[in-house]
Every structure is written in C-alpha cells, then in structure tokens.
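Colleague: There's a structure below that I have some questions on.
The values are calculated or read from the model by the stated rules, or taken from the named source; none is laboratory data. All values reported here derive from a predicted model rather than from experimental measurement. Cβ coordinates were reconstructed from backbone atoms using ideal geometry, including for glycine residues, and neighbour counts include every protein chain displayed. Surface areas here come from the heavy atoms of the whole protein model, side chains and all, with no ligands, DNA or RNA. Shrake-Rupley method; radii C 1.70, N 1.55, O 1.52, S 1.80 Å.
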Amino acid sequence: MEIPILKIKDVLIVSIQLDLSDKLALSLQQELLKQITKTGAFGVLIDLTAVEIVDSFMSRILTETAQMAAVMGVKVVLVGIQPAVAMTMVELGVYFKDIPTCRNLEKGLDYLENKKLP
Amino acid sequence: MDNSKSNIEIATESDVVQVRQVGRELSRKLGFGLTDQARITTGISELARNILLYAGSGQIILQVVEDQGRRGIEILAEDKGPGIVCLEQAMTDGFSTSRGLGVGLPGTKRLMDELYIESSVGIGTRVVARKWLN
C-alpha cells in the first residue's frame, strides 16, 4: 500500500499526499476497511491537508468510505480540507453533507474522543 | 515546441491524472490563483472522466487563449462516442446516464467562465470551456 495508514491509540490516520488515481483511491478505501477490522479502531481520520483537487469521483469515494465504515460501527472524520478545495466542491455540488469534518488532526482526534462511548 | 498548447489522449484512468497535472501546471504558469487552479483542474478532471465513461477514449486539448487583451485557459474535450441524446437533460444537476454523481457538466459549467457543448448522437461530443484571468 503506497499510502501509509497510521494508528494512534484506537484511531487510524491516513494522510493523502498525492493526486490519487481512481485505482489507488479504491485500493485505499479497501485497505482502510481492512485495517479497521484488523486493528479494532473506532475512528478514522483522513487528512486532506495536502490534497489540491477533490473531483466528483474522489468525493464519492470519500463519502462511500465513511458510509462503509459507519456500517461497521466506525466513525470517519475528514480533516484539513483546503479553502480552494472547499470552494470548488461547493460550486461543483459535491460537498460532504453528512460526514464530519474538522480543521486539523488535533481537532479531529478531540472530536472522535468525544464521540466515543464510555 | 509550442508550450502554450497541450494535447492529451484520454484512454485510461492514469490519463485523467496526467491531464489534471498538465492543466494545473498550465493554469499556475498563466497566473491563476490557487482557487482558480483548483476549479480549472477539477473541471478538466470532470471532462476527462466523461470521455472515459461514455466514449471510452478521446482527447483533451489545453491551451492559452487571448481575447481583447485578457488571457485565459481553454479546455477542449472531444470524443467520437455515442453523443448526448438530450443536452438540456445533460445540463441538469443530478441527471446521469451512468451511475455517476451526475454533476459533471453543470458542475463544470459553474467552475468555468464559459462552457459550450456540441454533440451528435452516434458521432461524438465536443466540449469547450474557458476560464479568464481577471
């Protein structure tokens, strides 16, 4: 897997650093779900700080990944969406309506901690 | 070599990645800000995807254009695919003949300053989109 998936406590963190091809995006989705099962993580942070483009396909992959993880009882939070990406997504009409987003990893971790059931 | 014009064949998904990168670079060189670079690159990506999805292959020509003293980027996306049966429908948000999100054409139109489509069923489709520097 070209994109490293890290684990901090019970949260998986994946930082997307390159322009993903469709194949790579799908493979990342699959790997994330696999890692969720393997590690028993309760949350996933997908860091989009370095992502310059989110087109309709990428937006769909991210949305579906969050939905698939939710079916498995795991919360996905997107962090670090850049202003240019946010503007483009809203104009394109593919912004993330139902997926929580946070400004950065730290806020994302806090968010997940608060969502954790005791 | 005229480096203000690039012709990219679109036949595989890695071509979509490539045309995005060429588009981003060209718009950056032209002097577009980060947001417009994102808009242009995303627009190019959507048009390239449409080619792959509906026609299987085609080409995208990116070039610098000039009009009354202002400069801009022009995206020409063409294919010899099945063509669009109803242009009006195709330009409606949410409409899709694939299982896609259906934001391709109307979404791209919102990102760009100009977008024109010519299409003939059984012959092909040609989309021209332009974005101008302020």
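Colleague: Test of understanding: express the Cα radius of gyration of region B:64-123 as a ratio to 2.2 N^0.38 Å, with N the residue count. Don't skip to the end; give the middle numbers.
Modeller: Details: Rg = 13.6 Å, N = 60, 2.2 N^0.38 = 10.4 Å.
Rounded to two decimals, the normalised Rg is 1.31.
Colleague: For region B:5-132, what is the number of Lys pairs with C-alpha distance below 17 angstrom, counting only pairs 8 or more positions apart or on separate chains? Mind dumping the intermediate values first?
Modeller: Values: B:Lys5/B:Lys29; B:Lys5/B:Lys131; B:Lys29/B:Lys131; B:Lys109/B:Lys131.
So the count works out to 4.
Colleague: Can I ask one more? What number do you get for chain B when its Cα radius of gyration is normalised by 2.2 N^0.38 Å, N = residues?
Modeller: Compactness ratio reported: 0.99.
Colleague: If you don't mind, there's one more thing I want to ask. Which is farthest toward the positive dipole end of the protein assembly as shown among A:Ser56, A:Tyr95, A:Ile36, measuring Cα position about the Cα centre, with Cβ charges +1 (Lys, Arg) and -1 (Asp, Glu)?
Modeller: Sorting the options by dipole projection puts first A:Ile36.
Colleague: Still on this model: Considering region A:1-54, what Rg and Dmax in Å follow from its alpha-carbon atoms?
Modeller: 11.0, 31
Colleague: Mind counting lysine pairs for me in chain A? Cα separation below 16 Å, and the two need to be 8 or more apart along the chain or on different chains.
Modeller: Here the count comes out as 16.
Colleague: By how many degrees, between 0 and 90 and to the nearest 10, does the Cα long axis of helix A:22-39 differ from the longest principal axis of chain A?
Modeller: Once rounded, one gets 10 degrees.
Colleague: If you line up the long axis of helix A:105-115 against the longest principal axis of chain A, both from Cα atoms, how many degrees apart are they, to the nearest 10?
Modeller: 50 degrees
Colleague: Taking the Cα centre of region B:5-132 as origin, sum charge times position over the Cβ atoms of Lys and Arg (+1) and Asp and Glu (-1), and report the length of that vector in debye to the nearest 20. Before the final figure, lay out each step's value.
Modeller: Working: 16 positive and 16 negative charges, 67 e Å.
Approximately 320 debye in magnitude.
Colleague: Just by accessible area at a 1.4 angstrom probe, what is the order of B:Glu118, B:Glu46, B:Glu25 from largest to smallest? Write down the numbers at each step before the final one.
Modeller: On the way: B:Glu118 115, B:Glu46 5, B:Glu25 75 Å².
Result, largest first: B:Glu118, B:Glu25, B:Glu46.
Colleague: Enter the mean number of other protein chain beta carbons within 10 Å of the beta carbon of each residue in A:54-66, as an integer.
Modeller: Numbers: counts 3, 16, 11, 9, 2, 3, 4, 0, 0, 1, 0, 0, 0.
Mean partner shielding for this stretch: 4.
Colleague: Rank B:Gly56, B:Gly23, B:Gly104 by mean-square fluctuation in a GNM of chain B with C-alpha springs under 10 angstrom and give only the top-ranked residue.
Modeller: Its mean-square fluctuation being the largest, the pick is B:Gly56.
Colleague: With a 1.4 Å probe and every protein chain left in place, work out the accessible area per residue of the protein assembly as shown in Å², rounded to a whole number. Intermediate values should be presented prior to the final figure.
Modeller: Working: 12770 Å² over 252 residues.
With all protein chains present, the protein assembly as shown gives 51 Å² per residue.
Colleague: At 1.4 Å probe size, what's the solvent-accessible area of A:Arg103? Round to the nearest 10 Å².
Modeller: Around 130 Å² of this residue is reachable by solvent.
Colleague: Using 7 Å Cα-to-Cβ label points, what is the A:Lys34/A:Val71 separation (nm, one decimal)?
Modeller: Placing both labels 7 Å beyond Cα along the Cβ direction yields 1.8 nm.
Colleague: Seen from all sides and averaged, what is the projected area of the convex hull of the Cα atoms in the protein assembly as shown, in nm²? Write down the numbers at each step before the final one.
Modeller: On the way: hull surface 57.8 nm².
So the mean shadow area of the Cα hull is 14.5 nm².
Colleague: Related question: Would you mind telling me the share, in percent, of accessible area of the protein assembly as shown contributed by carbon and sulfur at probe 1.4 angstrom? Can you show the working numbers first?
Modeller: On the way: 6560 of 12770 Å².
It is 51 percent, rounded to a whole number.
Colleague: Here is a further query. Taking every pair of alpha-carbon atoms in region A:38-101, give the share separated by more than 15 Å as a whole percent.
Modeller: On the way: 997 of 2016 pairs.
For region A:38-101, the fraction of Cα-Cα distances above 15 Å is 49 percent.
Colleague: For chain A, restrict the atom set to alpha-carbon positions and state the Rg and Dmax in Å.
Modeller: Cα radius of gyration and Dmax of chain A are 13.2, 40 Å respectively.
Colleague: Over chain A, with a Gaussian network built from C-alpha contacts below 10 Å, which listed residue (A:Glu91, A:Glu31, A:Glu106) shows the highest mean-square fluctuation?
Modeller: A:Glu91
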